[in-house]
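**Student:** Pasting in a structure now, in structure tokens, and then I'll have a few things to ask.
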Amino acid sequence: MTGLSERIANFVIGTSFDDLPSLARERGTRAIIDSLGVMTAGTAGELAEPMLRYIEISGAQGDVPIFGTGLQTDKEKGALINAAFGHALDFDDGYPYYPVHASVVVISALNAMLGKEPVSGKKFLEAYVLGMEVVTCIGRGLGMGHYIKRGFHATGTLSGFGAACALAKMMDIDRDTLQRTLGIVASMASGIQRNFGTMMKPLHSGMAARNGVIATMMAQSGVSAHMEVMEGKDNFFQAYGDENSSAEKAGNLLGNPYAFVEHGIGMKNFPSSNACARPIDGLLQLREKYGLTPETVAKIHIVLPPGGKNPLRDAYPKTPTEAPYSMEYSVAVALVEGAVKLEHFSEEAIKRQDILSHIEKITMEENARCIAEDPLAETRGPGPRGFIEVHVATTNGETHDVRVDIAPGYPGRELSSERLWGKFSGCTDFAGIEQKQSRGVFEALEALEGVGDIRAVLSGLTR
């Protein structure tokens with residue numbers, strides 16, 4: 001039987017743009033737009049200063065743009081920093097059926113390796129969709145034990161494979177070289193959940209993108225690696241998975257059907273952890289429906305599916321980087337502001353007593369009833385699994401409850417074109433890019449399949 005490494009190589013190299021379902025292309029285009037907007041916003045976050053200093057200290061020179069800035073650097077650091085900025089505010093998309101945020105990784109790697117020859121929007125989209133298909137299938141084959149039992153951050157450990165495959169497609173790399181690239185990138189896979197709430201979490205994304213770039217260039221240069229890294233003794237699935245992991249399952253899923261067709265992609269409506277998205281939405285629904293105010297709310301109790309607390313950290317964030325992983329802070333912002341936006345996760349905002357004073361009102365529990373109706377619960381990450389409940393008790397003795405199954409921006413509640421533009425423009429505004437300029441980029445990306453040179457469009461995301 002053909003092993004997974006060879007099946008991946010055959011799938012990527014043997015699939016053409018015309019083979020991609022129209023829905024996969026449509027959703028892929030929207031995900032690219034969303035991801036590029038989020039990358040620019042990351043340049044105004046807490047991670048920006050040390051990473052831009054890192055470019056200066058390293059002395060790196062090149063022509064790869066850092067989105068949201070006027071800076072350029074070399075291929076490796078360009079991939080690293082753009083992807084890290086893309087995940088820095090925890091505003092990037094996620095795959096609904098496995099806890100991996102691979103879009104910013106794949107796109108950053110592609111951008112880093114565009115080169116001097118024109119690359120069409122169609123070619124860029126084709127490479128992106130195939131890279132995403134590979135990483136989602138590997139994740140589903142590896143199983144949730146990788147994330148829940150072993151504590152790996154799947155975005156860091158798995159997204160490098162997607163980056164490598166996307167690059168192989170865009171650069172017309174042959175099958176054997178791609179298989180060696182997979183062998184190289186497998187030995188680079190890293191990222192643990194213990195670092196959630198620190199700058200290392202978004203840097204897992206950055207390292208995965210950089211790994212895809214390095215592995216591709218190494219393979220092209222003749223570096224050897226095992227051609228069947230996914231199978232045989234001491235393979236990747238054995239090292240990173242558990243007794244339920246199956247490389248064969250991963251291979252059988254490739255394009256059968258496409259992940260973007262079967263499950264879509266989850267775009268965030270709030271710059272906070274996936275685990276916080278539905279509770280924020282639920283609180284906002286109750287706030288609007290019943291005219292709730294911070295003063296009239298006595299208690300907020302949130303019921304989560306098992307594992308729902310996994311990505312969360314301290315209730316009182318000490319830094320802007322910690323804030324997206326505080327359920328209590330995120331929900332308190334929603335209560336006070338009636339919205340949760342990028343500016344609510346700044347150094348100044350996390351010290352606001354009018355927000356912090358409500359954190360003690362918020363409690364959480366995990367309950368198995370939240371997954372009783374979800375036959376695929378064990379295949380989903382903490383964010384979209386099952387449903388959540390928000391229970392509010394008011395100071396006059398009333399109680400109000402809401403159940404939220406799907407977070408806004410996820411399949412079934414997709415962002416409209418208008419709301420996607422609102423998010424994109426909010427991100428580029430946050431980075432200091434003029435709205436007229438960002439609108440031109442947005443409209444060009446909406447017609448991505450007709451773009452003659454993607455590099456010319458992406459240049460509009462710099463200052």
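**Student:** Can you name every residue in the range 232-289 that is free of Cβ contacts under 8 Å to residues at least 40 places away in the same chain and crowded, with 17+ Cβ neighbours inside 10 Å?
**Tutor:** Asn235
**Student:** Would you tally the residues in the range 188-206 being outside any helix (DSSP H, G or I) and without any contact (Cβ under 8 Å) to a residue 40 or more places away in the chain?
**Tutor:** So the answer is 3.
**Student:** Anything in the range 320-345 that is modelled with pLDDT of 95 or more, among the hydroxyl-bearing types (Ser, Thr, Tyr) and not in a helix (DSSP H, G or I)? List them, or say none.
**Tutor:** Ser326
**Student:** Turning to a different aspect of this structure: Just to be sure, is Ile8 of a type in the set (A, V, I, L, M), assigned to a helix (DSSP H, G or I) and touching a Leu at 6+ places or on another chain (Cβ under 6 Å)?
**Tutor:** no
**Student:** Among the residues that make up the range 409-423, is at least one of them assigned to a helix (DSSP H, G or I), in contact with a Phe, Trp or Tyr (Cβ under 8 Å, 6 or more places away or on another chain) and among the hydrophobic types (A, V, I, L, M, F, W, C)?
**Tutor:** Yes, that holds for at least one residue.
**Student:** Quick one: how many residues across the range 163-179 are over 14 Å from Phe236 (Cβ atoms) and in a helix (DSSP H, G or I)?
**Tutor:** Qualifying residue count for the region: 11.
**Student:** Could you count how many residues in the range 72-103 are part of a loop (DSSP other than H, G, I, E, B), touching a residue at least 24 places away in the same chain (Cβ under 8 Å) and surrounded by fewer than 23 Cβ atoms within 10 Å (Cβ to Cβ)?
**Tutor:** Residues flagged as part of a loop (DSSP other than H, G, I, E, B), touching a residue at least 24 places away in the same chain (Cβ under 8 Å) and surrounded by fewer than 23 Cβ atoms within 10 Å (Cβ to Cβ) within the range 72-103 amount to 1.
**Student:** Just the residues that are surrounded by fewer than 13 Cβ atoms within 10 Å (Cβ to Cβ) and closer than 17 Å to Lys318 by Cβ, please, taken from the range 334-356.
**Tutor:** If the condition is that a residue be surrounded by fewer than 13 Cβ atoms within 10 Å (Cβ to Cβ) and closer than 17 Å to Lys318 by Cβ, then Glu347, Glu348, Lys351, Gln353 are the ones that fit.
**Student:** What do you reckon, is Asp18 farther than 28 Å from Pro317 by Cα, out of contact with any Asp or Glu (no Cβ under 7 Å at 6 or more places or on another chain) and surrounded by fewer than 16 Cβ atoms within 10 Å (Cβ to Cβ)?
**Tutor:** yes
**Student:** While we're here: State which residue is farthest from Arg278 (Cα to Cα) when the search covers only the range 338-380 and only residues that are among the acidic types (Asp, Glu) and either in contact (Cβ under 8 Å) with a residue 12 or more places away in the chain or assigned by TED's automatic domain parsing to the domain that holds Tyr97 (or both).
**Tutor:** The selected residue is Glu347.
**Student:** Only one of Glu228, Glu248 is in contact with a helix residue (DSSP H, G or I) (Cβ under 9 Å, 6 or more places away or on another chain), in a loop (DSSP other than H, G, I, E, B) and at pLDDT 95 or above. Can you tell me which?
**Tutor:** Glu228 is the lone residue from the list that is in contact with a helix residue (DSSP H, G or I) (Cβ under 9 Å, 6 or more places away or on another chain), in a loop (DSSP other than H, G, I, E, B) and at pLDDT 95 or above.
**Student:** So the check is Cβ under 7 Å with 6+ separation or different chains; which pairs have a first residue in the range 111-124 that's farther than 20 Å from Ile214 by Cβ and in contact (Cβ under 8 Å) with a residue 12 or more places away in the chain and a second one that's outside any helix (DSSP H, G or I) and among the small types (Gly, Ala, Ser)?
**Tutor:** Correct list of pairs: Pro118/Gly452; Ser120/Gly452.
**Student:** Any chance the range 114-125 includes a residue that's out of contact with any Phe, Trp or Tyr (no Cβ under 9 Å at 6 or more places or on another chain), modelled with pLDDT under 95 and small (Gly, Ala, Ser)?
**Tutor:** There is at least one residue in the range 114-125 that is out of contact with any Phe, Trp or Tyr (no Cβ under 9 Å at 6 or more places or on another chain), modelled with pLDDT under 95 and small (Gly, Ala, Ser).
**Student:** Right, another one. Kindly indicate the residue of the range 33-63 that is charged (D, E, K, R) and not in a helix (DSSP H, G or I) and also nearest to Asn111 (Cα to Cα) among those meeting that condition.
**Tutor:** Per the criteria, the residue is Asp63.
The values are calculated or read from the model by the stated rules, or taken from the named source; none is laboratory data. All values reported here derive from a predicted model rather than from experimental measurement. So basically every Cβ, Gly included, is an ideal-geometry build from the backbone, and we count neighbours across all protein chains shown.
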